[in-house]
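Asks: This is the structure I have questions about; it appears just below.
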Amino acid sequence: MLGKEVTAELRSRVALNAIGLFALTTLVAVAYQIGPYQIAEEDRPHLLAALLWIILFFAATSGLARVFVKEEDSHTAKTLRLAARPTAVFVGKYLFNLVLLLALYDVIVPLFCALMGYAVAGVPGLVMVMVGGAVALAATSTIVAAIISRASGSSTLFAIMSVPLVLPLLVFLIRGTRDAAGSGDLQPVLASLRAIVAYAGVTLITSVGLFRVVWND
Amino acid sequence: MVLFAAMPEISITFDRVGKRFGSRQVLANLSGAIEPGQVLVVVGPNGSGKSTLINIIAGLMRPSRGEVAYRDGEGTLPRARWFEYLGMAAPDMAVYEELSARENLRFFARVRGLHRSDAALDDLLETTGLPRRERDRPVATYSSGMKQRVKLAQAVLHAPAVLLLDEPSSNLDEAGHELVARIVQDFRPRAAVAVATNDPREMAWADARIELAG
Amino acid sequence: MTRKALKIWFPWVLGVWMIVVIVAAFFYAPPAQGFKGESSRIVFFHVPQAWVAVLAFCVNLVASVRYLRRRDPLDDARAAAAARLGLVFSVLATITGSLFARVMWGSFWNWDPREVSIAILLLVYAAYFALREMVPDEERRSTLSAAYAVLAFVTMPFLIFVVPRIYWSLHPDTIISASGQLRFEMESRMRQVFFGSLMGFTGLFAWLYTLDVRLARVRMSRARREEV
């Protein structure tokens with residue numbers, strides 16, 4: 001599944017473009033408006049962490065639904081439904097979204113830090129938060145994408161449904177990012193990481209179970 | 001053309017099946033059966049619910065009323081497993097346009113857990129009449145007739161015990177229609193076959209008919 | 001008492017009960033210490049509303065899970081009924097909470113985690129109905145919204161339990177202390193009114209819910225008759 005997704009995506013590049021462009025344009029807009037020097041020093045860590053995750057989350061919203069919406073739009077969903085086991089479909093699509101997110105983070109996060117003057121003290125901590133965030137965000141996004149693809153497929157619905165689910169996760173991610181950037185000490189980051197991992201685990205397990213009914217209606 | 005060794009014989013029954021979309025009643029109180037060795041033809045004007053019935057039999061849609069059952073001689077199969085025995089081609093079931101015909105078949109074979117060599121897949125494409133030089137080009141470049149051939153190949157790839165064809169000859173020329181006829185003849189002895197159509201030549205294959213009023 | 005008798009008497013009893021509760025809330029119970037003026041009285045209404053919103057969420061979950069198991073359309077009707085009431089009560093809870101915040105701390109919104117939890121619950125309900133609007137096929141609508149309900153339920157604990165642990169709370173600790181334990185530090189009269197209100201609001205929810213489900217049942221049997 002993953003192989004097929006990657007091949008198809010590389011040939012058409014639609015999701016990559018959507019997510020990448022969205023993230024870049026938002027980033028540029030934010031950087032232009034706020035700039036690295038206009039925020040009070042004590043507010044910076046938290047605000048910048050929050051801004052970063054808002055950009056990353058909404059970029060995800062613009063592209064992660066595609067894995068399922070595209071199948072429905074191009075009428076391959078039925079063919080796939082009759083050919084593959086649901087769990088295989090979910091895992092393949094989830095991994096694709098995960099890879100997409102990680103690729104996005106690799107590009108946007110360094111760019112953000114550079115443009116916004118975000119000095120990161122604890123890089124390993126930050127990396128862990130990013131990876132955890134990608135794992136969790138990909139899980140929620142994939143199952144919500146599956147649901148909306150069977151509804152109207154609109155990205156507005158995707159955002160409406162994702163936001164309430166993801167808000168607690170964002171709280172952990174922002175806090176973890178802030179703590180990781182603030183110091184090289186991993187201790188404070190671990191509390192957030194625990195929450196992120198727990199969230200990711202719970203969401204993944206529930207999604208795999210729910211996907212079967214969503215996919216097969 | 002195909003190997004039947006692995007597949008059991010499946011018979012399908014549908015009992016008092018009805019389907020409603022909002023306030024519109026598309027199907028009502030339909031009962032019938034598809035047995036191996038038999039071809040069931042579903043006829044009716046456009047919008048009469050032929051595709052809906054086929055989708056319900058395939059398990060792609062749940063009926064509002066009634067039930068569909070798959071039996072394999074030992075008992076009933078759970079809905080989650082129907083797709084393993086099912087091959088289907090329909091106007092709204094496409095293959096992946098970014099991939100070539102070969103890549104599509106390779107993908108569907110692997111995803112179904114089949115180990116088909118490239119040579120075997122190529123033979124299958126040969127029998128569907130897809131020109132050799134097109135097989136490695138993306139399906140997006142194909143004519144609708146060629147796309148239909150790939151869809152049919154995908155449907156019979158795993159030598160299914162149940163074959164559902166929704167308007168199989170659409171987009172096909174005379175040679176294409178003969179291909180569909182050949183497929184139905186090949187499958188008729190061992191498989192349960194259902195065809196939804198308005199084409200009189202295809203209606204002639206029927207051992208049993210269901211007419212939908214629409 | 002027969003079910004029919006209950007059906008007739010219950011709304012009246014409930015009505016009288018609620019009137020007593022409201023009057024008692026203003027005249028019987030004393031204002032609590034540490035609150036500005038009479039503002040503590042809002043506790044008698046705000047907390048039960050929030051409680052009902054959460055209760056509705058649980059009812060919705062149970063109905064959703066049952067629907068996914070048995071595919072009985074009545075379970076979907078139950079889930080939708082619970083969600084409708086949940087939406088109403090979470091709006092009420094958010095508004096009363098907001099009014100209280102205005103009186104106590106001068107602004108309508110303070111980003112207190114518990115305030116935010118109720119608001120997010122509201123968003124979940126809104127998303128639930130937005131989803132339902134977008135699916136014309138009844139069976140699919142029921143399945144998808146049930147799936148979403150389960151998904152939302154699974155992420156809720158993080159919001160309700162984990163987030164407040166990480167953040168300092170503005171929320172008055174008279175009911176729930178920082179460590180998450182329930183403490184009843186209310187004076188006895190306040191306690192009476194509070195529990196009376198809690199029971200009243202729960203009764204209100206039960207009554208409206210039962211009506212909604214009964215209505216759905218009638219609609220379903222009429223549709224079935226028309227089909228045949």
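Asks: Whole angstrom only: what separates the Cα centroid of segment C:132-163 from the Cα centroid of segment A:172-192?
Replies: What the calculation gives is 31 Å, centre to centre.
Asks: Using only helices, what value at 222 nm comes out for the protein assembly as shown when you add -39,500 (n - 2.57) per DSSP H run of length 4 or more and divide by the total residues, to the nearest 500 deg cm²/dmol?
Replies: Computed ellipticity for the protein assembly as shown at 222 nm equals -21000 deg cm²/dmol.
Asks: Considering only the other residues whose Cβ falls under 12 Å of the Cβ of A:V89, what net charge follows from Lys and Arg at +1 and Asp and Glu at -1?
Replies: Once positives and negatives cancel, what remains is +3.
Asks: Rounded if a/c is under 1.5, else prolate if a/b beats b/c, else oblate: with a ≥ b ≥ c from the C-alpha gyration tensor eigenvalues square-rooted, which is chain B?
Replies: prolate
Asks: Can you count the Lys pairs in the protein assembly as shown with C-alpha separation below 23 Å, eight or more apart or on different chains?
Replies: So the count of such lysine pairs works out to 18.
Asks: May I pose another question? For C:C58, A:C113, what's the fewest-to-most ordering of other Cβ within 10 Å of each Cβ?
Replies: Going from least to most buried by this count: C:C58, A:C113.
Asks: Can you give the log10 of the normalised intensity I(q)/I(0) at q = 0.06, 0.09, 0.10, 0.11 Å⁻¹, computed with Debye over equal Cα scatterers of the protein assembly as shown?
Replies: Values, matching the q order: -0.43, -0.88, -1.02, -1.14.
Asks: Taking the Cβ of A:G63 as the centre, find all other residues whose Cβ is under 14 Å away and add up their charges (Lys, Arg: +1; Asp, Glu: -1).
Replies: Computed value for this residue: +2.
Asks: Also, quick follow-up: May I ask you to sort B:I210, B:I183, C:I8 by Cβ crowding, counting other Cβ atoms within 10 Å and putting the fewest first? Before the final figure, lay out each step's value.
Replies: Values: B:I210 18, B:I183 24, C:I8 10.
Fewest-to-most Cβ neighbours within 10 Å comes out as C:I8, B:I210, B:I183.
Asks: Same structure, new question: Which shape class applies to segment C:1-131: rounded if a/c is under 1.5, otherwise prolate when a/b exceeds b/c and oblate if not, where a ≥ b ≥ c are the square roots of the Cα gyration tensor eigenvalues?
Replies: Here segment C:1-131 falls in the oblate category.
Asks: Another question, if that's okay. Please arrange C:D212, B:D123, A:D43 by counting, for each residue, the other beta carbons lying within 10 Å of its beta carbon, fewest first.
Replies: A:D43, B:D123, C:D212
Asks: For helix B:118-127, report the angle its Cα long axis makes with the longest principal axis of the Cα atoms of chain B; keep it between 0 and 90° and round to the nearest 10°.
Replies: Value to nearest ten degrees: 70.
Asks: Now for a separate question. Just B:E202, B:E167, B:E178 to compare: in a GNM of chain B, with alpha carbon springs under 10 Å, which one fluctuates most?
Replies: Judging by the Gaussian network model, the answer is B:E178.
Asks: Moving to a separate point now. In nm, to one decimal, how far is the A:Q33 label point from the C:W111 one, both placed 7 Å along Cα→Cβ?
Replies: Taking the two extended label points, one gets 1.6 nm.
Asks: Now for a separate question. Within a Cβ distance under 15 Å of A:A134, other residues only, what is the Lys/Arg minus Asp/Glu net charge? Can you show the working numbers first?
Replies: Details: positive: A:K93; negative: A:D106.
Here the count lands on 0.
Asks: Comparing A:G20, A:G176, A:G201, which has the greatest mean-square fluctuation in the GNM of chain A with Cα pairs linked when under 10 Å apart?
Replies: Evaluated over chain A, the most mobile residue of the options is A:G201.
Asks: Under the rule a/c < 1.5 gives rounded, and otherwise a/b versus b/c splits prolate from oblate, where does chain A land using the Cα gyration tensor?
Replies: Taking the square roots of the gyration eigenvalues as a ≥ b ≥ c, chain A is prolate.
Asks: Still on this structure: With label points built 7 Å along Cα→Cβ from the Cα atoms of C:V218 and B:E174, find their separation and express it in nm.
Replies: Result for the modelled spin labels: 6.6 nm.
Asks: So what's the angle, to the nearest 10 degrees on a 0 to 90 scale, between helix A:123-149 and the longest Cα principal axis of chain A?
Replies: The helix A:123-149 is inclined about 30 degrees to chain A.
Asks: Helix B:144-156 versus the longest principal axis of chain B: what is the Cα-based angle in degrees, 0 to 90, to the nearest 10?
Replies: Roughly 70 degrees, rounded to the nearest 10.
Asks: Which of these, A:L21, A:L104, A:L137, has the largest mean-square fluctuation under a Gaussian network model of chain A (Cα springs below 10 Å)?
Replies: In the Gaussian network model the winner is A:L21.
Read the figures in this text as sums done on the coordinates, not as results from a lab. Every value quoted in this text rests on a predicted model; they were computed, and no experiment measured them. Every residue, glycine as well, gets a Cβ built from its backbone with ideal geometry; the counts of neighbours run over all protein chains shown.
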